[in-house]
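Structure first, commentary second.
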Amino acid sequence: MKRIAIIGGGISGLSAAFALEKHRRAGAALEYVVYESSPRLGGVLVTELVDGCLVEAGPDSFLTEKPWASDLCREVGLGDQLIGSNDADRKTYILVKGRLALIPDGLMFMVPTKIMPTVLSPLFSVRTKLRMAGEWFHPPREADADETVAAFVDRHYGPEMVDRLADPLLSGVYGGEASQLSVRAVLPRFAEMEASHGSLGRAMLASRKRIAHTSKVPARPLFTSLKDGMQQLVDALVSRLPAQLLRTNASVKSVQPSREGWTLNADNSNRFDATIIATPAPTAAELLRSASVELASELGSIQYTSSVTVNLGYDRNVRAALPPGFGFLVPRSEGKRMLAATFVHNKFPHRAPDDRALLRCFAGGARNEQILQTPDEELTGIIREELQQIIDLKADPLFARVYRWKGAMAQYGVGHLERLNRIETLLQQLPGLTLAGNGYRGIGVPDCVRSGSEAANKALLAVGLSEPSPVLSH
């Protein structure tokens, strides 16, 4: 009987456990144990029902184009629960000099692919529009070193594009700053486009033409979620895993290699043939300090930021008065503490009854970690004051829910991919140890699912078990 430990019961750890469970049910001589230090499994995937509204404490959806989360949902019997975002009404605004400006049609992330909507948009100055026109003539360029997203975007479109688009877009995903994040790790496709085409605009158009010629599949929604909220995935996974193998309120103090595998220093010392660490990288560093100082140092160098989500529910009058679309982003230069707001009732109409408006507002990130210490009532007051300034929302909310996620979002700084290569080399010296989570090769839910599944497959290889691909019956 081979034994595998999984440290961390978030979506990465649960995905690893599910992959191992498939092998166990297929007859593999295998046992695994999930250790989660908090009272519940699932990490940031938390959904509450408040006044008829589905309130997400963490991610409310995931990118449709990354298949791993959708595939997992289907495997655990949630295929009929998958829903897409309401892209017919997908409009996003940027706060510019105190007023909301619509992101123009044809702007893909920050790359303009349609001329007239961009030319007519109040989002950019004449100087930036001229930079966009000149960008079409950029020659191909193979970068010889990593650089920040800000430096990359500035080189193509100028500093205004960094301030008004790149930085707010990335702060919504990573809680970080374009001036600190690695373009190779965060936007690898853009780095490849520059190498092959020079101009990002020309590269994006060429890509769209290829897709149009080769694919007859209708366009899919940008975001995918679950009818009853993201916690549905956690609940479905947990229901398919043996309860006796899932340990909550179970802290692991250290992980050490031994002659026969790995020893976990938990409530009791436990021996395992392999170990999967599916925690944030700094936690993994602490667990492995006695096993490998060098590996712990590399893991500890991966930075994380924190976030706060404030969910506010309103009545039908507010719903009717709000701008159409998915919400707005706030550049740091606007001097607000709010980073973004989502009009959930527009993005996913089934999240709120027809007579309710549901807003998700975000704060925190790299420049405002201290906001985590702000009491709920004061924090809600800050967000309400800024909503009044931005969209003239003066009404009292019917309810408010505040969620804090300390150290939840990994920051892929310059040199991140090189650091991952060094980590992989160091792991080769520690057979049976694998890592999973959002600190390595993707921060979203699909990336976490993929990393957990891949870590499980590596652990199975390490203990000499074969790799069938069975599917659990529902």
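Annotation note: Cβ proximity below 8 Å between a residue of region 314-325 that is among the β-branched types (Val, Ile, Thr) and a residue that is open to solvent by less than 80 Å² (accessible area, probe 1.4 Å) (sequence gap 6+ or interchain) occurs for Val318/Ala357; Val318/Leu393; Val318/Ala395.
Leu295: in contact with a Pro (Cβ under 6 Å, 6 or more places away or on another chain) and among the aliphatic types (A, V, I, L, M), yes or no?
Numbers: in contact with a Pro (Cβ under 6 Å, 6 or more places away or on another chain): no; among the aliphatic types (A, V, I, L, M): yes.
Here the answer is no, as Leu295 does not meet what is asked.
A Cβ distance below 7 Å, combined with a sequence gap of six or more or placement on separate chains, defines the contacts here; from region 411-434, residues that are under 17 Å from Glu260 (Cα atoms) reach residues that are in a loop (DSSP other than H, G, I, E, B) and among the polar types (S, T, N, Q) in the pairs Leu430/Ser292. Residues in region 326-350 that are among the small types (Gly, Ala, Ser) and more than 12 Å from Ile94 (Cα to Cα): Gly335 alone.
Checking each residue in region 21-38 for being over 14 Å from Ala243 (Cα atoms) and not hydroxyl-bearing (Ser, Thr, Tyr) picks out Lys22, His23, Arg24, Arg25, Ala26, Gly27, Ala28, Ala29, Leu30. Scanning region 180-195 for residues that are open to solvent by 50 Å² or more (accessible area, probe 1.4 Å) and in contact (Cβ under 8 Å) with a residue 24 or more places away in the chain turns up Gln180, Arg184.
Only residues that are open to solvent by less than 20 Å² (accessible area, probe 1.4 Å) and under 14 Å from Val318 (Cα atoms) were counted across region 358-389, and they come to 3.
Right, Ser290: open to solvent by 10 Å² or more (accessible area, probe 1.4 Å) and either free of Cβ contacts under 8 Å to residues at least 60 places away in the same chain or touching a Lys or Arg at 6+ places or on another chain (Cβ under 8 Å) (or both) or not? Taking the combined requirement at face value, the residue satisfies it. Filtering region 110-140 to residues that are under 31 Å from the mean Cα position of the chain (by Cα), surrounded by 16 or more Cβ atoms within 10 Å (Cβ to Cβ), closer than 16 Å to Phe190 by Cβ and not charged (D, E, K, R) leaves Met110, Val111, Pro112, Thr113, Met132.
Among the listed residues Arg401, Arg450, which satisfies the condition of being of a type outside the set (A, V, I, L, M, F, W, C) and in a helix (DSSP H, G or I)?
Numbers: Arg401 fails: in a helix (DSSP H, G or I).
Residue meeting the stated conditions: Arg450.
Just one residue in the set Arg384, Arg367 is among the charged types (D, E, K, R), modelled with pLDDT under 95 and more than 30 Å from Arg259 (Cβ to Cβ); that residue is Arg367. Of everything in region 277-287 that is part of a loop (DSSP other than H, G, I, E, B) and farther than 15 Å from Lys458 by Cβ, the residue that is most open to solvent (accessible area, probe 1.4 Å) is Pro280. Within region 328-337, is even one residue among the charged types (D, E, K, R), without any contact (Cβ under 8 Å) to a residue 40 or more places away in the chain and outside any helix (DSSP H, G or I)? Among the residues of region 328-337, not one is among the charged types (D, E, K, R), without any contact (Cβ under 8 Å) to a residue 40 or more places away in the chain and outside any helix (DSSP H, G or I), which makes the answer no.
Looking only at residues in region 293-341 that are among the hydrophobic types (A, V, I, L, M, F, W, C) and open to solvent by 60 Å² or more (accessible area, probe 1.4 Å), which one is nearest to Ile371 (Cα to Cα)? Only one residue tops the list, namely Ala321. Listed by position, the strands (runs of 3 or more DSSP E) enclosed by region 226-276 that each have at least 2 residues that are open to solvent by less than 80 Å² (accessible area, probe 1.4 Å) and not polar (S, T, N, Q) are 254-258, 261-265.
Taking region 1-109 and the strands (runs of 3 or more DSSP E) fully enclosed by it, the elements with 3 or more residues that are buried (at least 19 other Cβ atoms within 10 Å of the Cβ) and on the phi < 0 side of the Ramachandran plot are at 2-7, 30-35, 53-56, 92-96. Summed over region 404-444, residues that are among the hydroxyl-bearing types (Ser, Thr, Tyr) and assigned to a strand (DSSP E or B) total 1. Checked against (1) open to solvent by 30 Å² or more (accessible area, probe 1.4 Å); (2) modelled with pLDDT of 95 or more; (3) farther than 30 Å from Leu372 by Cα; (4) out of contact with any strand residue (DSSP E or B) (no Cβ under 7 Å at 6 or more places or on another chain), Ser466 passes all but condition (2).
Please determine whether any residue of region 346-357 is open to solvent by less than 50 Å² (accessible area, probe 1.4 Å), on the phi > 0 side of the Ramachandran plot and modelled with pLDDT of 95 or more. Scanning region 346-357 turns up no residue that is open to solvent by less than 50 Å² (accessible area, probe 1.4 Å), on the phi > 0 side of the Ramachandran plot and modelled with pLDDT of 95 or more. For region 141-179, the tally of residues that are open to solvent by 60 Å² or more (accessible area, probe 1.4 Å) and within 22 Å of Cys361 (Cα to Cα) stands at 1.
For the residues Leu393, Leu372, Leu358, the requirement of being part of a loop (DSSP other than H, G, I, E, B) and touching a residue at least 60 places away in the same chain (Cβ under 8 Å) singles out Leu393.
Within region 120-130, the set of residues being assigned to a helix (DSSP H, G or I) and closer than 23 Å to Glu334 by Cα comprises Leu120, Val126, Arg127, Thr128, Lys129.
The values are calculated or read from the model by the stated rules, or taken from the named source; none is laboratory data. Since this is a predicted model, take the numbers as computed values, not measurements. Neighbour counts are summed over all protein chains in view; Cβ atoms, including those assigned to glycine, are modelled from backbone coordinates with ideal geometry. Protein only, heavy atoms only, side chains kept; ligands, DNA and RNA dropped before computing areas. Shrake-Rupley method; radii C 1.70, N 1.55, O 1.52, S 1.80 Å.
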